[in-house]
Amino acid sequence: MSETDEFPRQPLFRDINADDDEQETTIIESICIHCFKDGVTRLLLTKIPFYKEVVLMSFNCEHCGFQNNEIQSAGEIQPKGCKFVVNIKNTDDLNRRVVKSDYASVKVPELDLEIEAQSQKGEITTVEGIIERAITGLNQDQDRRRIEHPEVAANIDIYIQKLSSLKEEFQAFTLIIEDISGNSFVQNPLAPATDPETKVTHFTRTKEQDETLGLYSSGDKEDHLLKPIEEGSWPLENLEGEVIQFPTNCPACRSPCVTNMKVTNIPHFKEVIIMATVCDVCGVKTNEVKSGGGIEDKGIRFEVTVETKEDLVRDVLKSETCSLLIKELECDVGPNALGGRFTTVEGILAAVKDQLEESGAIFRDSADDGSRKKFSDFIAKIDEVIENKRTVTLVLDDPAGNSYVQSLADDDQKDPKLKVERYERDYDQNEELGLNDMKTEGYEEH
């Protein structure tokens, strides 16, 4: 019997399935924090549908009866942090679903409410649930405070009443969630259309924030483990003909696998880095494209009219900083949703459809009939575009200037269905690209 047959490879994180006999919990002896005797902790690695991988932990002490259940994120830390600023204007907004990681801070400026990062465990909740949890936390030990510190308890009671009024008598307020890990999320009730009451920004972490997440900085002067590559030892000519492999983890099941990377040149554009990963365990295949050059001096915006089969086969390079807008369908896809990829117009549309079907509707199981119908109707419209039954305008906006759309004419300016515009970035766009740390001419220092 081979090693593969004796120890069959399975994904580290699998869906919970009653028929999966091999999905067992890991049992660890651990100390009870109440009686300090030996208890048992059970660990289960699994996945939450339409979210990500988690570790379920359950502790039980047979001596004193103490029990504790926790959930921890096992998903990867995103390349950038995220910040959601949501205007809560009516009672329906209180029902917005929220994914809040351990590293997310919550603020309500109107009440000077601030919940610091890592002060609470990550959870899947609603806007109302966040307020309710804050009220519950403030109510703890209030009876003892009323005896020992009556003035402090009275002030806390007043503040609790203000928080309660947000949901009971309803008062409009602003909810700000900032997560340095990038793993938090606030539901868009108008999806796939843009939510005018929500502003989402992504930011480059500082060195201190990376250290909080346990991320190693390769630029640390104290590092003696990494040896820098000598200048000229890897000429671009050699890299373009070389396929480089490096170990990584599967983005779906987190099992060890290998990523292939190659530098190639796109005619009439620039060098790009293509990375492809195939997981032998779960079979998932991914590909990603990154620009081989730096950030351009100006951003670039493409408008493509899609109405014939020829329009669907245009080559498209969408960088990881490029957002996508389909005007007629009121569909706005942020730069981080689809990542970087080299494909065609049809491939981009298919990617939008696939992401909505597989993971875009993060709370699809609990959505109301109206929301489910909205997603179904939108997917049907995407199919009509792919089948040339509907004409749309595709807008790709890349503030880094590293995206590209093929022209079907000899000169871009002569292609009647393609408009190309270069523009100066504003302060917020420079901020997302991490350029405001440098003194950028024409921008006010903050």
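I want the local charge near D332. Using Cβ-Cβ distances under 11 Å, sum +1 for each Lys or Arg and -1 for each Asp or Glu among the other residues.
-2
Name the residues of region 112-128 whose amide N is less than 12 Å from a point 7 angstrom out from the Cα of Q140 along the C-beta direction?
Under 12 Å, as judged by backbone N against the label point of Q140, lie 119-121 of region 112-128.
Taking the highest mean first, how do the peptides 118-127, 146-155, 93-102 order by number of other beta carbon atoms within 10 angstrom per residue?
93-102, 118-127, 146-155
Would you mind ranking D415, D143 by Cβ crowding within 10 Å, fewest neighbours first?
With the fewest neighbours first, D415, D143 line up as D143, D415.
Calculate, in nm to one decimal, what S165 and L213 gain on full extension: separation in residues at 0.36 nm each, minus their alpha carbon distance.
Gain in length upon complete extension: 13.7 nm.
Which lysines have a Cα less than 29 Å from the Cα of K121, not counting those fewer than 8 places away in the same chain?
By straight Cα distance, K121 reaches K37, K47, K52, K80, K83, K89, K100, K107, K162, K167, K199, K207.
Hey, got a sec? Which GluC sites (Glu not before Pro) in region 86-118 land in a DSSP loop and have at most 14 other Cβ atoms within 10 Å?
Sites meeting the loop and neighbour criteria: E116.
Tell me, Y159, Y404 in order of fewest to most beta-carbon neighbours within 10 Å?
In order of increasing Cβ crowding within 10 Å: Y159, Y404.
Near K414, which lysines are there with a Cα under 27 Å away, not counting those fewer than 8 places off in the same chain?
Cα-Cα hits under 27 Å: K270, K298, K309, K318, K327, K389.
Values quoted throughout were computed directly from the atomic coordinates according to the rules given, and no laboratory measurement underlies them. What you are looking at is a predicted structure, and each value in this text was computed from that prediction instead of being measured. Heads up, the Cβs are rebuilt from the backbone with ideal geometry, glycines too, and the neighbour counts pull from every protein chain shown.
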